[in-house]
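The values are calculated or read from the model by the stated rules, or taken from the named source; none is laboratory data. All of these numbers come straight from a predicted model, not from anything done at the bench. When we count neighbours, we look across all protein chains shown, and the Cβ atoms used for this are built from the backbone with ideal geometry, even at glycine.
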Amino acid sequence: MIEARQLTKRFWKKKAVDGIDLHLEPGRIYGIIGENGSGKSTIMKLLAGLLHPSNGSISLNGEPVTRKSASQIAFMTDSTRFFPYFKIKELVDFYDSQFEDFNREKAWDILAFLSLDGDQKLSHLSKGNLGRAKLAVTVAREAPYLLLDEPLSGLDPMVRESIVKGIIQFVDFEHQSLLITTHEIRDVEPLLDEVIIIHQGKKYAQQSVDNIRTNHHLDVESWLKQNMQ
Amino acid sequence: MGIDFQPDKPIYQQLIDRLAGEIIRGLRKPGDKLPSVREYAVETGVNANTIQRVYRKMEQMNIAESRRGQGTFVTEDTGKLHELREKMKETYIHSFVQDMSDLGFTLEEMSEGLAHYQEGEQDD
């Protein structure tokens, strides 16, 4: 279980994340939803132990999150600069050398599922294929927590669909929790158990998708539009 | 994505309706194996937890049964499937009648309309 209390991150004087409480249970799929600049990515980096909170705390199964938590948290960056000097097969070797929980066979299965070949160089990949390659090596880790930062952002509908299907096919939902940030809710809604709405660095709401649909007879996007106005 | 879901109902409910519809139409027969949770999740673009919930609810409705280590199957109890068919009919009639009443039609006008509709169908 990941727990954050009053999580706050300041960059100079600006609060990117402002007093957020989170309680993330094993085996569930969470979507962190918010506009660009709402603080989603900062939250992910804090949870992954890549940034240190200015205030508040985060714990993973009761232990404080640090850079060492990377052994239990697989983080996929939204950066488009991703090991440009590697070929895909070298990226697989590198991940294999860095992470004990990396499953090589699974990595190649995912790459095949996403129609990528190992001899392609990362710097020569299209944006869509780079997104697929990042997903493949991240999901090939058998870590209890998978954090995917904007896995669908700026990709065309076919690539988005193949990424969503890759996630459903290869994430082991009995043993792994998934956290996804996105501003494109429509594509990921059927994938999510719960949505966490972030607005200007604060948590606006946390709701199960089924509850929103049952209680309000709206999909998440329409519900948000109705509430955020 | 896999399926276009309606916004006003939970996704698991829409998947139950979809599978129930396929059973009633005979596309899935009594005793047929349903796809594995993972297969159906990928096919529909929905997460595996939701598919598990769909199968569990269908078991509670007695229209599916899980067999240890083998998966989930359409029930072979044709009585239950007949019940499901009747229930679906009632649901659709209820929503039809509701919509028509909202427009100001009486039950009499509706059944007249249906009889007339049926004649039209036979002429075609």
Problem - Matching residues in the stretch B:1-55 - criterion: being touching a residue at least 24 places away in the same chain (Cβ under 8 Å) and in contact with a strand residue (DSSP E or B) (Cβ under 7 Å, 6 or more places away or on another chain) - result: B:ILE23, B:ARG28, B:LYS29, B:PRO30, B:GLY31, B:ASP32, B:LYS33, B:LEU34, B:SER36
Exercise for the section: Look at A:LYS134 and say whether it is more than 19 Å from A:LEU179 (Cβ to Cβ) and not polar (S, T, N, Q). Expected result: no
Handout entry: strands (runs of 3 or more DSSP E) wholly inside the stretch A:10-104 containing at least 2 residues that are over 22 Å from A:HIS199 (Cβ atoms) and polar (S, T, N, Q)
Key = A:55-60
Practice task
Return yes or no: is B:ILE24 more than 17 Å from A:VAL188 (Cα to Cα) and either of a type in the set (Ser, Thr, Tyr) or within 13 Å of chain A (Cβ to nearest Cβ) (or both)?
Solution key: no
Handout entry: Where B:PRO35 falls short, out of the listed (1) buried (at least 21 other Cβ atoms within 10 Å of the Cβ); (2) assigned to a loop (DSSP other than H, G, I, E, B)
Key = (1)
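For the condition surrounded by 21 or more Cβ atoms within 10 Å (Cβ to Cβ), under 30 Å from A:HIS23 (Cα atoms) and in contact with a Lys or Arg (Cβ under 7 Å, 6 or more places away or on another chain), what is the one hit in A:ALA140, A:ALA136, A:ALA107? Walk me through how you get there before you give the answer.
Values: A:ALA136 fails: in contact with a Lys or Arg (Cβ under 7 Å, 6 or more places away or on another chain); A:ALA107 fails: in contact with a Lys or Arg (Cβ under 7 Å, 6 or more places away or on another chain).
Unique residue meeting the criteria: A:ALA140.
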Exercise for the section: Considering only residues that are away from chain B (no Cβ under 11 Å) and not in a helix (DSSP H, G or I), look in the stretch A:154-175 and name the one that is modelled with the lowest pLDDT. Expected result: A:GLY154
Exercise for the section: Scan the stretch A:184-204 and give yes if some residue there is over 17 Å from the mean Cα position of the chain (by Cα) and within 8 Å of another protein chain (Cβ to nearest Cβ), otherwise no. Expected result: no
